[in-house]
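Undergrad: Can you keep this structure in mind? I'll have questions shortly.
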Amino acid sequence: MPGIEGKVIAITGASSGIGEATARLLTERGAKVTLGARRTERLKALAADLHNQGGQAEYQALDVTRREEVASFVNFARERFGRLDVLISNAGLMPLSPLDQLKVEEWDRMIDVNIKGVLYGIAAALPVFRAQGSGHFVNIASVAGLRVGPTMAVYSGTKFAVRAISEGLRQEAGDKLRVTIISPGAVESELAETISDPDLKGRMDEYRTIAIPASAIARAIAFAIEQPSEVDVNEIVVRPTAQPA
């Protein structure tokens, strides 16, 4: 199925930021989207807005740290639309902190959401894609998965892991399944809101004044999806022009 029109696409972390922008762009281009996130009131409002604009969208509450909920989410998309063509694993957290602060609970949460959430998506969708003979994983990593800096050790570790897992999946996938890594730089989103250190959050807010809109990442995702089935866009890095690294 070339292009985007008619494709069934499930998006995790769809209640704001990159997830919301991607849902809006893909429905504009004729995709049927299923939205997942914990904040169901936002999902409900987004789905209603997409319907009002002539799009097809469904939603379901989703905590990606719970494997059974991810499996249910994938099944929900299939039940509503008859198949699943693309799974976009976008849910993520970024509570940056120096390791000396020993914010172990935050480390655990990042590992659960950023790594296990992607793995649970693979576990849920891979058998579906194998049975169909086609499918596309789009996993959201970060430029933090390309380089490490102070306060970023654990977050970068999770995004390095997403890239490694995605590349391993690509190599195992064969010629029927596609895998794309999207690595954004500074993007307008609520990601920095999870930083609990007020000084660090202030510095991050100042740094993110160069952030690009989430729609820029949505366009990169759409580009990967719309390619012909024999073309797999393996990785796209999208930074603000003003972001040095």
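Undergrad: Angle between the Cα long axis of helix 40-52 and the longest principal axis of the chain, 0 to 90 degrees, nearest 10?
TA: Tilt of helix 40-52: around 50 degrees.
Undergrad: Treat each spin label as a single point 7 Å out from the Cα along the C-beta direction, and report the Gln227 to Ser72 distance in nm.
TA: Reported label-point gap for Gln227 and Ser72 is 3.5 nm.
Undergrad: Let me ask something else. Hey, can you rank 7-13, 155-161, 126-132, 74-80 by average C-beta count inside 10 Å, highest first?
TA: 7-13, 155-161, 74-80, 126-132
Undergrad: Suppose only helical runs count, i.e. DSSP H with n ≥ 4. What mean residue ellipticity at 222 nm does that imply for the chain under -39500 (n - 2.57) per run, divided by all residues and rounded to the nearest 500 deg cm²/dmol?
TA: After summing the helix terms and dividing by residue count, I get -14000 deg cm²/dmol.
Undergrad: Arrange Asp232, Asp108 by Cβ neighbour counts within 10 Å, fewest through most, would you?
TA: Lowest to highest Cβ neighbour count: Asp108, Asp232.
Undergrad: If you don't mind, another one. Using only the alpha-carbon atoms, how far is helix 198-207 inclined from the longest principal axis of the chain? Give it as 0 to 90 degrees, nearest 10.
TA: Taking the Cα atoms of the chain, the angle to 198-207 is about 60 degrees.
Undergrad: So, one more: Under 24 Å between alpha carbons, and skipping anything fewer than 8 positions from Lys32 in its own chain: which lysines qualify?
TA: Lys7, Lys44, Lys176
Undergrad: Here's another thing I want to ask about it. If I take R0 = 35 Å and measure r between the Cβ atoms of Glu79 and Ser215 in this structure, what FRET efficiency does the formula 1/(1 + (r/R0)^6) give, to the nearest 0.05?
TA: Taking R0 as 35 Å, the efficiency between Glu79 and Ser215 is 0.75.
Undergrad: Express in nm, to one decimal, how much length is gained between His51 and Arg203 on full extension, taking 0.36 nm for each residue of separation and deducting their alpha carbon distance.
TA: Net length gain for the segment: 50.8 nm.
Undergrad: With angles folded into 0 to 90 degrees, how steeply does helix 17-28 sit against the dominant principal axis of the chain? Use alpha carbons for both and round to 10.
TA: Approximately 20 degrees, to the nearest ten.
Where a number appears in this text, it was derived from the coordinates with a stated rule and is not lab data. All values reported here derive from a predicted model rather than from experimental measurement. Glycine also receives a Cβ, built like all others from the backbone with ideal geometry; neighbour counts cover every protein chain displayed.
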